[in-house]
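Taking it in order: structure first as structure tokens, then the write-up.
The values are calculated or read from the model by the stated rules, or taken from the named source; none is laboratory data. Please read these numbers as outputs of a predicted model, since none were measured by experiment. For neighbour counting, all protein chains shown are included, and Cβ atoms are generated from backbone atoms with ideal geometry for every residue, glycine included. Side chains are part of the model used for accessible areas, which takes the heavy atoms of the whole protein and leaves out ligands, DNA and RNA. Shrake-Rupley method; radii C 1.70, N 1.55, O 1.52, S 1.80 Å.
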Amino acid sequence: MALLKGSTAFDDAINMCRNIARQYAYFYRLLQKAVSGSALQRDFTYQAYRWATSAVMTRQNALSSNAGSMLALLPVLDFCNHKAGLPCTDLNASHCAELFAMEDVPAGTQVYNFYGQRTNSQYLVHNGFVVLNNESDVFPLRLGLSKGDPLSARKGELLSRFGLCESSNYPVSFSAPHFTSELLTFVKVFISDETGLLELKEQMDSAKETDTTDNLRPLLSREHETKVWAFLETRLRLVARTIQGSTQLEDLSPCARQAMLLRAEEHELLSRVADYAHSRLQATDTQGEHNSDSTTM
């Protein structure tokens, strides 16, 4: 668990372990009263209960039917390893589970199942493994206004008009476009000085009454765009430094191996997106120099 500290999976893993411990304590007290002195009471250990709970939670499948969705344990199907693809498990008219092949399966090769579109944190907590170069991976970047900022109140009011909170987690995605419009809006407000805040307020005041907060996103001047990308690159690289993983896993236990892989993948995601922000920063600077040259000519 210590290896997960600082990763996106830490809080969920702690909560899951806490819930399993609470469940065990509840059932243990019941067994102490109901079957005192029995083999069940003797063999009902925390280690056994934790293993059984984890086995069920990592092997349950979500199935959909006309009656709605359900969770089910499907023998044999849980032998299939995960592979990125499309959902290929269904419930037929006879209420039997069916697994459709995602691709041709030559004799003697594995049949894979798609476990669902999840982040690496979700895969680790709910399935017990990490996917390398997971296209669905997301890192929640924590951003918030500083109470020491003299413009904090005005920025908070403006964020509220954009439908955003003063402090929140914003998803940073492994896959393009990497950033949501909400994250970029927050950063634009966050880095603005008094003049920038006035410009944003004027944009809001001049917006059409029919506009919603979803499309009332601030326009970026070149100067502000440069500040946005510079801020994001710096912030992402700082966060990446706090998450160090390793792919040298030979001497680690299976659990420690997956924890280190998660940290390595999260570090790679943050570094990858920081590089993207740097490229946007360079492109903005280059465009500004080109426009300056054109004006001079």
R0 of 22 Å, Cβ-Cβ distance residue 191-residue 222: FRET efficiency to nearest 0.05
0.95
Rounded to the nearest 500, the 222 nm mean residue ellipticity computed for the chain from DSSP H runs (n ≥ 4, each -39500 (n - 2.57)) alone is -16500 deg cm²/dmol
If packing is taken as the average count of other Cβ atoms within 10 Å, what order do 112-118, 3-9 fall into, highest mean first?
3-9, 112-118
In the list (1) 87, 52, 49; (2) 51, 44, 37; (3) 51, 43, 41, the entry giving Cα extents along the principal axes in Å computed from the coordinates is (1)
Extension gain from residue 2 to residue 95, taking 0.36 nm per residue of separation minus the Cα-Cα distance:
29.1 nm
Using alpha carbons only, how many degrees (0 to 90, rounded to 10) separate the axis of helix 181-191 from the longest principal axis of the chain?
50
Can you give the angle from 0 to 90° between the axis of helix 254-296 and the longest principal axis of the chain, with both taken from C-alpha atoms, to the nearest 10?
20
Over the chain, how many pairs of lysines fall under 28 Å by alpha carbon, counting only those 8 or more apart in sequence or from different chains?
15
Mind ranking 135-146, 225-236 by how tightly packed they are, going by the mean number of other C-beta atoms within 10 angstrom, highest first?
225-236, 135-146
Inter-part distance where segment 25-51 and segment 118-161 are each reduced to a Cα centre, Å
40
If you plug each phi of segment 108-114 into the Karplus form 6.51 cos²θ - 1.76 cosθ + 1.60 with θ = phi - 60°, what whole-Hz ³J(HN,Hα) values come out, in order, with x for Gly and Pro?
x, 10, 6, 9, 9, 10, 8
Summed over the other residues with a beta carbon less than 11 angstrom from that of residue 7, with K and R at +1 and D and E at -1, the charge totals -2
Multiply the residue gap between residue 282 and residue 83 by 0.36 nm, knock off their C-alpha separation, and tell me the result in nm, one decimal place.
68.0 nm
With DNA, RNA and ligands ignored, accessible area of residue 111 (1.4 Å probe; Å², nearest 10)
70
Pairing the Cα long axis of helix 152-161 with the longest principal axis of the chain, what angle in degrees results, from 0 to 90 and rounded to the nearest 10?
70
